[in-house]
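Participant: Submitted below is the structure of interest, expressed as structure tokens.
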Amino acid sequence: ESLRRSAQVASVQEDTALLSATGRSLGASIGVATDGKTSDYPTGMGQSVVVIDAGVDQTQPYLAGKVVAEACFSTNDPAAGVSSLCPAGVSASSDDNSSLPCPIDVAGCEQGTNVAGVVAGRSPGFEGIAPGAAIVAMQVFSRFDGTGQCADGGESCIAAFDSELS
């Protein structure tokens, strides 16, 4: 409370964990997707889209060559039952493969790859909203084990702290 009253502090905000928003429809997540086809960049060519999610599996054929930069920001607090999903358990990385998706045994880990595919994926018979765009993949989730925070009552889930999203 003394921090809130200090003239040297602009604001105080609790660093809360936000659960993965899996299951949302495309329309609910980004608005009317077809509107992008009539913009100044109808295919996304020459543009990059940042996917801030649970990592992107860039080995998927429909994402071949799409990921041009990547990073990972994830909390590692074993005492609280929270572990980093960055490579080697570090809290931040921008090395190659930093944004690989978390282990598939935890609900929500596939979400970032799905989002990247909807945005810029391309394969026979399928095109994302901006198939010419590049992807900047950022993995921002942490694994929660036995914390009671998982929405479905499960033992493990992923969530992103406010501080990892800003």
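Participant: Just give me the residues in the range 112-147 being in contact with a Phe, Trp or Tyr (Cβ under 9 Å, 6 or more places away or on another chain), open to solvent by less than 20 Å² (accessible area, probe 1.4 Å) and of a type in the set (Ser, Thr, Tyr), in sequence order.
Facilitator: SER142
Participant: Of the residues CYS150, CYS109, CYS157, only one is of a type in the set (A, V, I, L, M, F, W, C), assigned to a loop (DSSP other than H, G, I, E, B) and touching a Phe, Trp or Tyr at 6+ places or on another chain (Cβ under 7 Å); which?
Facilitator: Going through CYS150, CYS109, CYS157 in turn, the sole match is CYS150.
Participant: Continuing with this model, one more query. Scan the range 1-34 for residues that are in contact with a Ser or Thr (Cβ under 9 Å, 6 or more places away or on another chain) and at pLDDT below 80 and jot them down.
Facilitator: Matches in the range 1-34: ASP15, ALA17, ALA21.
Participant: Working only within the range 39-50, note down all residues that are over 14 Å from the mean Cα position of the chain (by Cα) and either open to solvent by 50 Å² or more (accessible area, probe 1.4 Å) or of a type in the set (S, T, N, Q) (or both).
Facilitator: SER39, ASP40, TYR41, PRO42, THR43, MET45, GLY46, GLN47, SER48
Participant: Here is a follow-up. Going through the range 116-146 one residue at a time, which ones are within 23 Å of SER93 (Cβ to Cβ) and touching a Ser or Thr at 6+ places or on another chain (Cβ under 8 Å)?
Facilitator: Hits for the range 116-146 are ALA134, ILE135, VAL136, ALA137, MET138, GLN139, VAL140, PHE141, SER142, ARG143, PHE144, ASP145.
Participant: Does the range 67-125 hold any residues that are among the aliphatic types (A, V, I, L, M), in contact with a strand residue (DSSP E or B) (Cβ under 8 Å, 6 or more places away or on another chain) and within 16 Å of PHE161 (Cα to Cα), and which are they?
Facilitator: ALA71, VAL82, LEU85, VAL90, ALA92
Participant: Quickly run through the range 51-77 and pick out the residues that are open to solvent by 40 Å² or more (accessible area, probe 1.4 Å), over 17 Å from ALA120 (Cβ atoms) and not in a loop (DSSP other than H, G, I, E, B).
Facilitator: Correct list: PHE73, ASP77.
The values are calculated or read from the model by the stated rules, or taken from the named source; none is laboratory data. Everything numeric in this text was worked out from a predicted model, so none of it was measured. Glycine also receives a Cβ, built like all others from the backbone with ideal geometry; neighbour counts cover every protein chain displayed. Heads up: the accessible areas ignore ligands, DNA and RNA and are worked out on the full protein's heavy atoms, side chains in. Shrake-Rupley method; radii C 1.70, N 1.55, O 1.52, S 1.80 Å.
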